[in-house]
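Below: the structure, in structure tokens.
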Amino acid sequence: MAYRKLLANAIYFLLVICAVTSTAQSASVETLYNEIDKLPPPQRQKRLEDGARKEGAFKFYGVPNAALLSAYTIGFMKRYPFIKAEFWRGSGNKLVFRTLTEHRTGQLDTDAVLVGTENAMTLKRSGIWVRYHSPESVNFRKEFTDRDDYWHADSLGVSTLAYNTKLVRREEAPKGYEDLFDPKWKDNLSIDMEPERALAGWLTAWGEQKTRAFVEGLIKNGAVVRRGHTQQAQLMCAGEFKVAVEIYPDAILRMKQEGCPSAIVFPHPTPAQISGAIGIYANTPRPHAAALFIDFMMSSDGAKILASTGRLSGRKGVRSLYDELNNLEERGIPLLIVGPEQSELVAKPMEKIMKEILVP
């Protein structure tokens, strides 16, 4: 947690520096996109492809796992074989710190940056991204596109309850958060050390006081704090504890296919974060290829690539690998969707709760 705070302070310092930096290159990129947006769809596409052929390449930074980034890259090159695409993967704040540092020193060699919900507003304020509006955004809810067109998001990250079906019968399983305080779950609960997705939803729905009381109540009922959602899921599957307080359902459903005795429960509310925010670098040397990549990620083909990993695509009509995650709102699942702006608003109380209650 101390390292996270140090890194966050360093990012803030770089943010101040980058925010006052503007270049003729970024202005020319935005002018180009404004011109292209005025064209009819076929001419718009031709203009982008003609420009991308001359550029011949595309690079981006991203935080999702390498398998997904690679799948996006391969799919993009299959559609546009005249573009050589590559990526660099980094984690959360480390990727943001590197991006801002390289931008400040004039060494940032990328065309787009893909980050998590928690860092989207930081990059927006920094001036790293340039405005671009993908025509594919009409196929997403408005929450998946920045109101000023600096980023587009590809997915929805959900947090649910889960339980081991060998240890817990369905009729005895918790139906919601209030059931977790039942003495029968004493010492049989688990929560991640940094449950950011769930905390963002709880803080949005309940406020800081009730959220703090809820987390403290879990600890009093013997909830064990684990580091890492993957480890938490694996231990639940192995029977180390009966119930996971907040779990990534796509991961546990994947393990279920591999033999994990598990089931998920959608509580009220079910936290869901807008995820995978990507924006074009303001000083990109390859603006045509960058625009084509954003459009591809948001396209039906791009959404199917994401959905093939089990994640929930934000694009309307695209199904997940797992039936349990399809048509959630139509089934009456009480999703509480949290976007980057709201995530930033609850960031401080979130850090406080994690530091004071969950992190040893």
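The values are calculated or read from the model by the stated rules, or taken from the named source; none is laboratory data. Values in this document were obtained by computation on a predicted structure and should not be read as measured data. Methodologically, a virtual Cβ is constructed for each residue, glycine included, from the backbone with ideal geometry; neighbour enumeration extends over all protein chains shown. With ligands, DNA and RNA removed, areas are computed over all heavy atoms of the protein, side chains included. Shrake-Rupley method; radii C 1.70, N 1.55, O 1.52, S 1.80 Å.
Numbers for the structure displayed
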{"item": "Label assignment, percent of Cα pairs over 30 Å apart derived from the structure, set (1) 33; (2) 61; (3) 40", "result": "(3)"}
{"item": "In Å², nearest 10: area of TRP88 left accessible to a 1.4 Å probe", "result": "80 Å²"}
{"item": "Accessible area in square angstrom per residue, the chain, 1.4 angstrom probe", "result": "45 Å²"}
{"item": "For ASP192, distant residues with modelled amide H under 5 Å away", "result": "ARG226, GLU246"}
{"item": "Most mobile of ASP154, ASP192, ASP37 in a GNM of the chain (Cα contacts under 10 Å)", "result": "ASP37"}
{"item": "Cross-link table LYS54/LYS304; LYS46/LYS94; LYS46/LYS316; LYS166/LYS348; LYS316/LYS355, entries beyond 32 Å C-alpha to C-alpha", "result": "LYS46/LYS94; LYS166/LYS348; LYS316/LYS355"}
{"item": "Rounded to the nearest 10 Å², the accessible area of HIS229 at probe 1.4 Å", "result": "30 Å²"}
{"item": "The chain: calculated mean residue ellipticity at 222 nm from DSSP helix runs of at least 4, using -39500 (n - 2.57)", "result": "-14000 deg cm²/dmol"}
{"item": "Placed amide H near LEU336: partners under 5 Å, 5+ positions off or other chain", "result": "THR270, ALA272"}
{"item": "Heavy atoms of MET255: accessible area, 1.4 Å probe, square angstrom to 10", "result": "30 Å²"}
{"item": "Ratio Rg/Rh [Cα only; Rh per Kirkwood] for the stretch 180-284", "result": "1.04"}
{"item": "Backbone N within the stretch 209-238 under 18 Å of label point (7 Å from MET193 Cα along the Cβ vector)", "result": "219, 223-236"}
{"item": "The stretch 15-167 - Rg over Rh from alpha carbon coordinates, Kirkwood radius", "result": "1.00"}
{"item": "Protein accessible area in the stretch 167-280, 1.4 Å probe - carbon and sulfur %", "result": "46 percent"}
{"item": "Candidates ASP149, ASP187, ASP179, ranked by Gaussian network fluctuation over the chain, Cα under 10 Å, top entry", "result": "ASP179"}
{"item": "Percent RCO, i.e. relative contact order, over the stretch 135-285, from Cα pairs under 8 Å lying at least 6 residues apart", "result": "44 percent"}
{"item": "5 angstrom amide H check on TRP129, placed H, neighbours 5+ away", "result": "ALA282"}
{"item": "Relative contact order (%) - the chain, alpha-carbon pairs under 8 angstrom, separation at least six", "result": "26 percent"}
{"item": "The stretch 254-360, relative contact order [Cα under 8 Å, separation at least 6], %", "result": "30 percent"}
{"item": "Listed residues GLU329, GLU102, GLU246, most fluctuating in the chain (Gaussian network, C-alpha, under 10 Å)", "result": "GLU329"}
